[in-house]
Structure formats: C-alpha cells, structure tokens
Amino acid sequence: MALNLIMLGPPGAGKGTQAERFAKLKKIPKISTGDMLREAVKAGTEVGLRAKAIMDRGELVSDEVMVKIVQDRINRDDARSGCILDGFPRTVAQARALEAVMVGRAPLIVIDIVVPEAEIVRRLGSRLICATCGQNADPTDEAALRTMRCSRCGGVLAQRADDNESVVRERLKVYQKNTAPLVEYYRERPTYRAVDGTKPPDVVAATLAEEVESAKSVVVGGSAL
Ligand code: ADP
C-alpha cells in the first residue's frame with residue numbers, strides 16, 4: 001500500500017533525521033524542501049539565487065515557488081508508491097495546495113515531532129552538518145567532532161548558515177506564526193499522530209514506525225479523509 005507521510009515539527013526537532021531513516025526503511029523517497037533549496041543554492045540556479053537571501057534571514061520562500069518545486073518532485077515516477085515530506089507544508093496555504101496535488105493518491109499520514117523551544121535552541125546552537133553531503137553530525141560521535149569530518153563521506157563539518165543565534169530566533173518566530181497553525185489544521189484528522197521528539201533517535205524512530213502503522217490501519221479501515 002502506498003504511504004504518504006508529512007513530518008511536522010519545529011526546526012531542529014529531528015524531522016530530517018527521522019524522515020531519512022524511515023524513507024530507507026520503507027524504500028520510498030524523502031522529499032526535503034530545505035535540502036532541495038540548499039542544493040539549488042549550491043548549483044546556482046535561479047531559484048537558488050533568490051532563495052539564498054531568504055533562507056539566510058530565516059524567512060520563508062514563497063508558497064508559489066515551494067508548491068511548484070514539491071509538485072514537480074511528487075509527480076516523478078519514484079514517488080508513485082509514496083513519499084515522505086520533510087519541511088513541507090510549512091504554511092496552511094501550502095497544506096491546501098498539497099491536498100490538490102495528492103488527489104487520487106494514498107491519504108496523508110501526519111507525524112508531528114514535538115520538542116520544547118528551549119531544547120530546540122540548544123540543539124540548533126550546537127548542530128553541525130557536512131558541507132559536502134548535508135548529513136547532520138551525530139552529537140555523540142566523538143571522532144567526527146574531534147576531526148570535524150563527516151563520518152559518512154569525510155567532508156568538512158560546519159555550522160549551517162541559518163543556525164546562528166539570531167537567525168534561529170527568527171526561524172522560531174516564523175515557525176510559531178506560520179507553521180504552528182498547521183498542527184491545528186491537521187490535528188483533528190484520524191491520521192494525525194504526535195511523537196515525543198525529546199527521546200533518543202532510536203526511540204523516536206521506533207515510536208514513529210508504530211504510529212504510522214496505527215494511522216495506516218485507520219486508512220485501511222476507510223475512515224480517514
Ligand atoms: P529547518 O527545518 O531546520 O528550519 P529546513 O532545512 O527545512 O530547516 O529549511 C531551511 C530553510 O529553507 C527555511 O528556513 C526556509 O527559508 C526554507 N524552506 C524550506 N522549506 C520551505 C517551505 N516549505 N516553505 C518556505 N520556505 C521553506
């Protein structure tokens with residue numbers, strides 16, 4: 001059965017990490033709008049050039065641009081049997097546009113990774129990512145932190161451009177204003193599930209997998225929208 005999953009949660013909640021793990025497990029693509037935008041910046045495309053300044057300020061790229069990017073990606077063949085959306089939708093307008101894109105596909109399952117703001121600020125302040133492959137460094141991997149090299153590809157570890165303190169504060173403000181209302185938008189659905197994101201990554205991954213199974217049984221039962 002096709003599986004379409006949305007990962008909600010504030011920046012630094014662990015959405016990307018969990019989305020990647022779950023996508024591998026289920027053999028469906030992870031569609032991360034943050035990664036796609038960072039790739040566009042690196043490649044110097046027109047979208048990338050325009051997005052860079054917005055991302056560096058911690059603001060949101062326009063709904064119109066984001067919906068187009070995601071729509072094109074979801075319509076590729078490899079997403080036919082499902083996908084995991086990480087970082088999209090980020091506004092209620094994006095969520096509404098997504099409904100239209102998903103017509104005729106398996107219903108959306110919504111996983112909300114819940115982490116309090118104080119923990120988010122702490123995590124983002126110390127987060128390191130690989131400048132080459134974009135993977136987050138494991139904060140418990142002492143060798144990687146000592147050498148400042150990525151354990152996967154050997155690339156240099158560095159702070160993400162938008163993880164400095166003032167931009168993090170702006171991203172959290174933007175999250176509260178634009179993205180937190182999405183929880184209200186989805187909360188009443190039978191396929192909405194909240195997961196405690198303060199637990200260790202393995203525990204979050206196991207809980208997430210259980211919650212997806214439980215939400216899927218609602219879909220199979222036919223009562224989901
Ligand atoms: P995080 O979840 O850690 O805040 P992401 O990697 O998902 O970061 O996104 C980084 C930046 O990319 C955002 O701050 C925003 O500027 C832009 N972005 C990503 N996804 C979207 C989206 N769906 N709508 C608008 N802007 C987006």
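So what's the angle, to the nearest 10 degrees on a 0 to 90 scale, between helix 15-26 and the longest Cα principal axis of the chain? Taking Cα atoms only, the helix is inclined about 60 degrees. Give me the aspartates and glutamates in straight-line cross-link reach of Lys30: C-alpha distance below 12 Å, same-chain residues under 8 apart excluded. Filter leaves Glu20, Asp78, Asp86. How far is helix 117-126 tilted, in degrees, relative to the longest principal axis of the Cα atoms in the chain, given as a value from 0 to 90 rounded to the nearest 10? In the chain, helix 117-126 runs at an angle near 50 degrees to the longest axis.
Ligands, DNA and RNA are left out, and with a 1.4 angstrom probe the accessible area of the stretch 3-113 is 45 Å² per residue. Close amide H contacts of Asp112 (hydrogens built in the peptide plane, cut-off under 5 Å, sequence separation of 5 or more or a different chain): Leu8, Arg193, Ala194, Val195.
Normalising by residue count, the chain has a Cα convex hull of 120 Å³ per residue. With each label modelled as a point 7 angstrom along the Cα→C-beta vector, the Arg105-Gln176 pair spans 3.3 nm. Overall, the accessible surface of the stretch 159-223 at a probe of 1.4 angstrom is composed of carbon and sulfur to the extent of 52 percent. The H on the amide N of Leu85, modeled in the peptide plane, is under 5 Å from the matching H of Leu5, Ile6, Met7, Ile31, each at least 5 residues off or on a different chain. By accessible area, using a 1.4 Å probe on protein heavy atoms only, the stretch 1-50 has 58% of its surface on carbon and sulfur.
The values are calculated or read from the model by the stated rules, or taken from the named source; none is laboratory data. The shown structure was predicted, so the numbers you read here are calculated from the model rather than taken from an experiment. All Cβ positions, even for glycine, are placed from backbone atoms using ideal geometry, and neighbour counts span all protein chains on display. When the accessible area is computed, the model is the full protein with side chains, heavy atoms only, and any ligands, DNA or RNA have been set aside. Shrake-Rupley method; radii C 1.70, N 1.55, O 1.52, S 1.80 Å.
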